[in-house]
Amino acid sequence: MSDDMLALSGPSASVPGPGPRLAGARPGSGVGAGSSGGPAASHAHGAVVAAVARLAASGRDRLVAADPGTPQGRARLLLRPLPWMGMAYLSAGVVVGVAGLALPLLAVLATVGLVVSWVGVPMWSLTVRALHVATCGELARLRLATGLDLPAPHAPVGVDRRARVESALADPATWRRLGFWVLRAPIAYVDLMLLGAVVGVPFLLAWASLLSLFDHNDVVMVGGPAGASVWVPAPWPVRLLLLTVSLAALRVVPPLVVRPLLALDVLVARALLAAGEEARLAVRVDELATSRERAVDAAEKERARIERDLHDGAQQRLVALTMLLGRAQARLGPTADPAVAGLLTEAREETTAAIAELRDLTRGLHPPVLTDRGLDAALSAVAARSPVPVTVDVDVDPRPAPAIEAVLYFAVCEGLTNIAKHSQARRASVVVERVPGLGGGCDVVRAIVADDGCGGANQAAGSGLAGLADRLAGVDGRLALSSPPGGPTLVTVEVPCASS
Amino acid sequence: MRVVVAEDSVLLREGLVRLLAEQGFDVVAAVGDGEDLLRVVGVHDVDAAVVDVRMPPTFTDEGLRAALVMRRRWPGVGILVLSQYVEERYATELIADNPRGVGYLLKERVADVAEFCAALRRVAGGGTALDADVVAQLLVRSRHVDPLASLTPRERDVLRSMAQGRSNAGIAADLVVGEGAVEKHIGAIFAKLGLSAEGGEHRRVHAVLTYLGEGRA
């Protein structure tokens, strides 16, 4: 089965016949199955869907269809329906090509106009516009015939007519397209001649043999006195054979010829007409950058939401619990059972510990003070909790985007954690600054965590630094580590940010 | 003593009201956001307010901003701010240049009922009550790291307690020493830091907090 089937639901139909299928719905399953009217109606519905799909698909001659090299492929060739769409496309090509010659002609006139006077600019504008429309139209026509979706060029860009003309003239794609339209007519002419020969000759023979069955002359006039005269061999079994053979040829040969002709057209269109690979890649890069930014933002929002839920939920309840325990303790007079007092004290201590743990957890997820007050406040708080004395110097006015602040915050936290755990340092420092971009590029926010410890840190897999590098990659950030054995250690993190 | 409670969580609001009532405070009103708080304080005559930082509508720092408004409009009303996180930045903003009648505690400190009520009374009387966590952050954050390093460990303990707003008697009880020893330590601290030790206890707390807050960008 061809693997460009679109199975909606349920197993795809094993409908005999080559070529692509659209909705391959087996009767009874797929769209609409069981929706209304019971099994008989859905059976009929499925059959109708399948029939429509087959009809739609039969006109197309997909270039990705079966390979004639295999026996299956050859059999399919015999069974393949005539490529009407392909033939229609090739036949119409001449008309389109001749009309399309107007475009290069217009371009020449416009160039002359430019040289002569200002009138060349509106002429070129018209040419560019017409070129765009014609190109999109031709690509659509090609898509109708072959099903291939080549990328269409984008509309002419520019703030005003002059800018549009300038950008179009500077773009080599414009000239390639004009070249296509110069070639369109000759290629279409050759296509049509070949197609005519391939279809016309067997047709003529078949017609002649048919007529000769009713006529005992050796020479048959096809199409009246002005038409062609075809010599047909005398014995009528031979004439019958000729009829059969030419009918068969009519059936089998056109697809064989249409396909290479279409392939040639596609080749030329790909090379000259469609938007280039670079443009396609540029569009894709834009899409990817946007979607990545959205993904990173969504992750950050999700973390903030979890922090809020924890704050308003579990943390709140634990505080209420500890209040209740405190009130209970307060009511115990001096004559109370000391065991009870002891249990209450323990209960309160456990609750306080739980609250502290939850607080650390949420700080690790998303510290509220970071959103509320920025990197300076948040990093000061982290530094205050560090067992190693840390000085903090933050200067990032204006505030970077929240996702970038979050990444920098966690980078510094990771650095300080490593210092506390491994470095045996006596002092550490954190500096966060904004480095202006060169020549209109965007600013870079740089965070440097330094310590005077024993060094030897590395980005081995599984260490916090490796995870940090991954998270940095999400915002186009970079990590540089300098940690010779014996120290000192310097962790530098840089994140580009669009100036807000 | 007449107090107002501002806390958006019903669970905690009820808990606070009951706790305070049990300890002999007169809870005049219990509200759920900053605007209501300001309205109530304007109408009633209260001695102190217990205020949560995170309240509607934005759930960021409404309580803090309401507290700052209250300090300007009604400087005689003590404000004790509660939060599930204490951050040095909020403390600095709350204190501004006057730590009089201001407190900032972790919510769970409320469970130590005696301490909490003592802190509330202190704040109502014009004193200070800063959470130990916040003081630790302030100590670290201050630019005057080196002079602080010249203090002995004992003196640092006294300094920390002073910054929390404790009175001399309170410090003496905390560190299990006599009040005379506390006075001596305070004198030494102020000498080493180059501060004037005169004036009452409130003045000295003010001096310490100002000192710790100095040198910030």
_Using the alpha carbons of segment A:317-388, what is the convex hull volume per residue in cubic angstrom, as a whole number?_
124
*Relative contact order [Cα under 8 Å, 6+ residues apart], segment A:348-453, whole percent*: 24
*With the dipole of chain B worked out from charges on the C-beta (+1 for Lys and Arg, -1 for Asp and Glu) around the Cα centre, which of B:ALA21, B:CYS117, B:LEU175 lies farthest toward the positive end?*
B:LEU175
*Each label point is 7 Å from the Cα along the Cα-to-Cβ direction; what then is the distance between the points at B:VAL177 and A:GLU357, in nm?*
3.7
*How far is helix B:113-124 tilted off the main Cα axis of chain B, in degrees rounded to 10, range 0 to 90?*
90
*For chain B, what does -39500 (n - 2.57) per DSSP helix run (n ≥ 4), summed and divided by total residues, give at 222 nm, in deg cm²/dmol to the nearest 500?*
-16000 deg cm²/dmol
*asked:* Going by amide H atoms built from the backbone, whose H comes under 5 Å of the H on A:THR391, apart from near neighbours?
replied: A:ALA428, A:SER429, A:VAL430
*For segment A:342-462, what percent of Cα pairs sit more than 27 Å apart?*
30
*Sorted by Cβ density within 10 Å, fewest first, the residues A:HIS43, B:HIS44*: B:HIS44, A:HIS43
*Can you list the residues, at least 5 places off or on another chain, whose amide H is less than 5 Å from the amide H of B:ASP112, using H built in the peptide plane?*
none
*Treat the count of other C-beta atoms within 10 Å as a stand-in for reagent exposure and order A:ARG280, A:ARG385 from fewest to most.*
A:ARG280, A:ARG385
*Using alpha carbon coordinates only, what is the Rg to Rh ratio of chain B, with Rh defined as the Kirkwood radius?*
0.98
*Measure off 7 Å from each Cα along the Cα-to-Cβ vector at A:ASP297 and A:VAL48, then give the distance between these two points in nanometres to one decimal.*
4.5
*Kindly put A:CYS497, A:CYS454 in sequence by how many other C-beta atoms sit within 10 Å of each C-beta, fewest to most.*
A:CYS454, A:CYS497
*Hey, can you grab everything whose amide H is under 5 Å from the amide H of B:ALA6? Only 5+ residues off in sequence or another chain; H modelled, so Pro and N-termini drop out.*
B:VAL31, B:VAL50, B:VAL51, B:ASP52
*Mean-position separation - Cα centroids, segment A:138-155 and segment A:413-482, in angstrom*: 50
*Name the most mobile residue of B:VAL69, B:VAL123, B:VAL41, meaning the one with the largest mean-square fluctuation, in a Gaussian network model of chain B with Cα contacts below 10 Å.*
B:VAL69
*Please state the relative contact order of chain B as a whole percent: Cα pairs under 8 Å, 6+ residues apart?*
15
*Can you give the Kirkwood hydrodynamic radius of segment A:391-500 from its Cα pairs, in Å with one decimal?*
14.1
*Obtain the radius of gyration and the Kirkwood radius of segment B:82-144 from its C-alpha atoms and give Rg over Rh.*
0.97
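Throughout, read-outs are computed from the coordinates displayed, never taken from laboratory work. All of these numbers come straight from a predicted model, not from anything done at the bench. Don't worry about glycine lacking a Cβ; one is built from the backbone with ideal geometry, like all the others, and counts go over all protein chains shown.
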